[in-house]
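The values are calculated or read from the model by the stated rules, or taken from the named source; none is laboratory data. What you see is a predicted model, and the numbers here were worked out from it, not measured in a lab. Because the Cβ atoms are built from the backbone with ideal geometry, glycine has one as well, and the counts that use them run over all protein chains shown. Protein only, heavy atoms only, side chains kept; ligands, DNA and RNA dropped before computing areas. Shrake-Rupley method; radii C 1.70, N 1.55, O 1.52, S 1.80 Å.
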Amino acid sequence: MRRIPFTQGAAAALSGISGTPSLQLKGQVAGISGLAVEVCGLSHYLTVGDRVGLCGRAGREIAAEIVGFRGGVARAMTYGASEGLGPGSAVYFKPPAPGAPRSAGLFVSDAWIGRVIDPLGRPLDRRGPLPHGPRLMPVRASPPEATLRARLGERLDLGVRVLNAFTTCRRGQRLGLFAASGVGKSTLLAMLARHTACDVAVLALVGERGREVREFLEDDLGAAGLQHAVVVVATSDRPPLLRREAAYAAMTVAEYFRDQGKNVLLLMDSVTRFCLALREIGLAAGEPPATRGFPPSVFAELPRLLERAGPGQEVAGRPTGHITALFTVLVEGDDHDEPVADAVRGILDGHVILDRHIGEGGRYPAVDVLRSLSRTVPGCNNDAENAVARRARKILALHADMADLVRLGAYKAGSDPAVDEALEVMPRLEDVLRQGRDEKTSLADSFAMVKAALDGTAPPPKAPS
């Protein structure tokens, strides 16, 4: 009898196993408490993050995910409404094939550019099915190794004057946009998506109002912005798992294009709603509330998501891609020291503050220059540009200090030359900081226009958008 080497026989056995129909295990619902569904009979086969199928009393199938265990019983949350589920409802689980990843993923493709999708990779734009890409991209990936990832790239033209001049950004940098509701975050994101010099823009609308999605896509973003963008949408009425998954899916799409060596712009609105979804999931899994009701897992998960953005890993013979990310943070009651805002600010490479009072004064984007900063400045600008930015900040600060005295008539013109200069320059500087939604300004022109406002000279001619 001919002997077969062990390794060859093992390979043949695995090949035979992979060709057999996949095994399906069956359990049942033991109980439902709030958003959590208790599953029994499968605990020895399940892990956190596994997806299972629940079968309701009317035969409706509901996708769910295992979010924790308690007393040997698995706790799941659904991706849809849980109506029709009850004790004894069937639960199905297909174990992954040997060597296959357990976590979910997306088959991202170049053909996804210009499309609007949901967090599970299904089309939302009524333009037909999405083509599958060459490989499965896991949605729960690790950031590139810190010592192997590339450094930040060259300066990135954002097309918005106030950001170009005062929070200059580099490729691979991560910035936070901090603002209360109704201060113009969505409009600023649309401007960035249309005007930033990038290869691909990926937008994540996490917990967005359903009424505003079409308005954002058609009015703010427009056909010009959508033609080089991928938009991932999970509105506020969707279950917390889908709202959380929207952030992971958008990051996964951005990583796909980054791995091709492209310059990717990732815009996520908002990280706060991502954290609120994590809070709902953590509390349903049985975690104790900690800081202002947020369980500890929220602040452990934040850096895992945010650190995935940035420069890619350097690989010989292949161009290095970058994910330049701007994350909006919804600060409730204008409290910029609330837990989520504080945690995000400590992770990112800079922050942009949008102020309600500036918007009420009619200046949009309503960026508070004095409270905003980019950690790559002044290293990425030349000496002349840094001098212009410092002089403008000094005038803005002096004007802010003297505004009340001037308004009350307590300051007499000629008392202080520096204050007189600030009062003279401020109207011209306000005009430069004010920018229309369809207006685009390059990096060089942004600094030139600020300098012209400071010197009282004619601004440079605007380049066509």
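Look at the stretch 415-439: where a residue is within 20 Å of Pro365 (Cβ to Cβ) and a partner is of a type in the set (S, T, N, Q), sitting 6+ places away or on another chain with Cβ atoms under 9 Å, you get Val432/Ser446; Gln435/Thr441; Arg437/Thr187; Asp438/Ser465; Glu439/Ser465. When the stretch 31-66 is limited to residues that are assigned to a loop (DSSP other than H, G, I, E, B) and β-branched (Val, Ile, Thr), the one that is nearest to Leu120 (Cα to Cα) turns out to be Val48. Restrict the check to the stretch 301-315 and report whether at least one residue is touching a strand residue (DSSP E or B) at 6+ places or on another chain (Cβ under 9 Å), under 30 Å from Glu218 (Cα atoms), among the aliphatic types (A, V, I, L, M) and open to solvent by 10 Å² or more (accessible area, probe 1.4 Å). Looking through the stretch 301-315, none of the residues is touching a strand residue (DSSP E or B) at 6+ places or on another chain (Cβ under 9 Å), under 30 Å from Glu218 (Cα atoms), among the aliphatic types (A, V, I, L, M) and open to solvent by 10 Å² or more (accessible area, probe 1.4 Å). The test for being over 18 Å from Leu120 (Cα atoms), open to solvent by 20 Å² or more (accessible area, probe 1.4 Å), at pLDDT below 95 and touching a strand residue (DSSP E or B) at 6+ places or on another chain (Cβ under 6 Å) does not hold for Gly293.
Taken over the stretch 13-37, the criterion of being at pLDDT 65 or above, surrounded by fewer than 18 Cβ atoms within 10 Å (Cβ to Cβ) and of a type outside the set (S, T, N, Q) is satisfied by Leu23, Leu25, Lys26, Ala30, Gly31, Ile32, Gly34.
Could you grab me the full set of residues in the stretch 75-120 that are of a type in the set (A, V, I, L, M), in a loop (DSSP other than H, G, I, E, B) and closer than 14 Å to Leu136 by Cα? Those that are of a type in the set (A, V, I, L, M), in a loop (DSSP other than H, G, I, E, B) and closer than 14 Å to Leu136 by Cα: Ala100, Ala104, Val108, Leu120.
Can you confirm whether the stretch 149-160 contains a residue that is touching a residue at least 12 places away in the same chain (Cβ under 8 Å) and in contact with a Phe, Trp or Tyr (Cβ under 9 Å, 6 or more places away or on another chain)?
no
On the stretch given as the stretch 121-144, residues that are outside any loop (DSSP other than H, G, I, E, B) and within 21 Å of Gly53 (Cβ to Cβ) total 1.
When the stretch 58-98 is limited to residues that are hydrophobic (A, V, I, L, M, F, W, C) and open to solvent by 50 Å² or more (accessible area, probe 1.4 Å), the one that is farthest from the chain's Cα centre (by Cα) turns out to be Ala58.
Residues in the stretch 193-225 that are among the aliphatic types (A, V, I, L, M), under 20 Å from Ser236 (Cβ atoms) and out of contact with any Asp or Glu (no Cβ under 8 Å at 6 or more places or on another chain): 3 in all. Scan the stretch 299-351 for residues that are assigned to a helix (DSSP H, G or I), over 18 Å from Glu145 (Cα atoms) and in contact (Cβ under 8 Å) with a residue 24 or more places away in the chain and report the count. Qualifying residue count for the region: 10.
Among residues of the stretch 261-276 that are within 16 Å of His322 (Cβ to Cβ) and assigned to a strand (DSSP E or B), those with a Cβ under 7 angstrom from a residue that is open to solvent by 10 Å² or more (accessible area, probe 1.4 Å) and basic (Lys, Arg), sequence gap 6+ or separate chain, pair up as Asn263/Arg171; Val264/Arg258. Of all residues in the stretch 158-195, those that are assigned to a loop (DSSP other than H, G, I, E, B) and either of a type in the set (A, V, I, L, M, F, W, C) or open to solvent by 30 Å² or more (accessible area, probe 1.4 Å) (or both) total 7.
Yes or no, residue by residue, for (1) touching an Asp or Glu at 6+ places or on another chain (Cβ under 6 Å); (2) open to solvent by less than 80 Å² (accessible area, probe 1.4 Å); (3) in a loop (DSSP other than H, G, I, E, B):
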| position | (1), (2), (3) |
| --- | --- |
| Val377 | no, yes, yes |
| Cys380 | no, yes, yes |
| Glu385 | no, yes, no |
| Ile395 | no, yes, no |
| Asp401 | no, no, no |
| Glu421 | no, yes, no |
| Val425 | no, yes, no |
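Which of the residues that make up the stretch 352-369 are charged (D, E, K, R) and touching a residue at least 40 places away in the same chain (Cβ under 8 Å)? Those that are charged (D, E, K, R) and touching a residue at least 40 places away in the same chain (Cβ under 8 Å): Asp355, Arg356, Arg363.
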